[in-house]
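Contents: one structure, followed by commentary.
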Amino acid sequence: MIIAIDGPSGAGKSTVSKSVAKALGFNCLDTGAMYRSIAWYALEHGVSLEDSAALGEIARERAISFSHEPGNPAPKQVFIDGVDVTGDIRTARIDRSVSSASKHPEVREALVEQQRRIGSQGDYVVEGRDIGTVVFPQAEVKVFLTASNEERARRRVAQNETRGVGSVDFDEVLADIVRRDELDSARETSPLVAAVDAKCIDSTGFTIDEIIEQICAMARAAG
Ligand code: C5P
């Protein structure tokens, strides 16, 4: 079974995906980490984020992989080309750059193919922007998770504080979230949009546990 969880930055997708996967005994795939890894690799190697051919080649040729701890569906580490980028892909520098890297059809094509291959290997909760619309349109459960801009910025600041990476300045995080939503929603290829058959959940005012329970109930009903 595939549970697709799409939505804008900071809506709580990661926390919800990990908890739903844990509750149901599923694996987790964070597709945002894959786009972030491509942006990191390009910046590290001086490749322009506007060079679609070079970025496409990186996405096709540089292997992205995840390491896991037994019993924990959330990846422990993210690697690209053998380099551990777990912390580096969460910095403000990557927050600012990733939407430029992810807009190129060449990049999306290569990563979507990898995402489909990974998802075909078992039961997965897959989080991203285009999972229910493009990557797994046949997903048994589709959720589009949103929250108000301010709520999302508050959560992202708290997450960055806990992780010890990324900006903890509320106004800076809010501005990044709004800018990234605009870029992700306006791009031509696979824009951020709810699938017509997705259940839209506005998490503002709900506890994370309430959202998790709602999605687990949808999965049980679908399975
Ligand atoms: O989910 P996260 O905030 O880590 O995603 C980072 C960026 O990766 C998004 O802002 C978007 O540009 C891109 N992305 C995407 N399609 C996905 C997942 C992420 O374009 N399925």
Margin query: Looking at the range 48-59, I want the residues that are open to solvent by 10 Å² or more (accessible area, probe 1.4 Å) and have a partner that is β-branched (Val, Ile, Thr) with Cβ atoms under 8 Å, at least 6 apart or on another chain. Which pairs are those?
Written below: SER52/VAL107; ALA54/VAL47; ILE58/ILE38; ILE58/VAL47; ILE58/VAL107
Item checked: Criterion violated by ARG152 - all others in (1) in a helix (DSSP H, G or I); (2) more than 16 Å from the chain's Cα centre (by Cα); (3) surrounded by 16 or more Cβ atoms within 10 Å (Cβ to Cβ) satisfied -> (2)
Check: Can you pull out the residues in the range 124-136 that are part of a helix (DSSP H, G or I) and either touching a residue at least 60 places away in the same chain (Cβ under 8 Å) or on the phi > 0 side of the Ramachandran plot (or both)?
Finding: ILE131, GLY132, THR133, VAL135
Item checked: Residue count for the range 97-130, restricted to those that are more than 24 Å from ASN27 (Cα to Cα) and of a type in the set (D, E, K, R) -> 2
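I'd like to check something: does the range 120-134 contain any residue that is more than 15 Å from the chain's Cα centre (by Cα), polar (S, T, N, Q) and more than 11 Å from the ligand (Cβ to nearest atom)?
yes
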Check: Got at least one residue in the range 86-101 being assigned to a loop (DSSP other than H, G, I, E, B) and within 13 Å of the ligand (Cβ to nearest atom)?
Finding: yes
Next item on the list: Could you grab the pairs with beta carbons closer than 9 Å, sequence gap of 6+ or different chains, first residue in the range 69-82 and over 17 Å from ARG36 (Cβ atoms), second one of a type in the set (Lys, Arg) and in a loop (DSSP other than H, G, I, E, B)?
Entry: GLU69/LYS76
Note to self: Just the residues that are touching a helix residue (DSSP H, G or I) at 6+ places or on another chain (Cβ under 7 Å) and open to solvent by less than 40 Å² (accessible area, probe 1.4 Å), please, taken from the range 93-103.
What the structure shows: ILE94, ASP95, SER97, VAL98, SER99, ALA101, SER102
Note to self: So, restricting to strands (runs of 3 or more DSSP E) that lie completely within the range 1-76, which ones have at least 1 residues that are within 13 Å of the ligand (Cβ to nearest atom) and over 22 Å from VAL193 (Cβ atoms)?
What the structure shows: 27-30, 64-67
Check: Among all residue pairs at least 6 apart or on different chains, which show Cβ distances below 9 Å where the first residue, located in the range 13-41, is touching a residue at least 12 places away in the same chain (Cβ under 8 Å) and over 26 Å from VAL83 (Cα atoms) and the second is of a type outside the set (A, V, I, L, M, F, W, C) and open to solvent by less than 10 Å² (accessible area, probe 1.4 Å)?
Finding: VAL16/SER203
Notebook entry, point to check: Is it fair to say ALA139 is outside any helix (DSSP H, G or I), more than 15 Å from SER14 (Cβ to Cβ) and either within 16 Å of the chain's Cα centre (by Cα) or among the small types (Gly, Ala, Ser) (or both)?
Noted result: yes
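The values are calculated or read from the model by the stated rules, or taken from the named source; none is laboratory data. Just so it is clear, the model here is predicted, and its values are computed rather than measured. Virtual Cβ from ideal backbone geometry, glycine too; neighbours counted across all protein chains shown. These area figures cover heavy atoms from the full protein model, side chains too; ligands, DNA and RNA do not enter into them. Shrake-Rupley method; radii C 1.70, N 1.55, O 1.52, S 1.80 Å.
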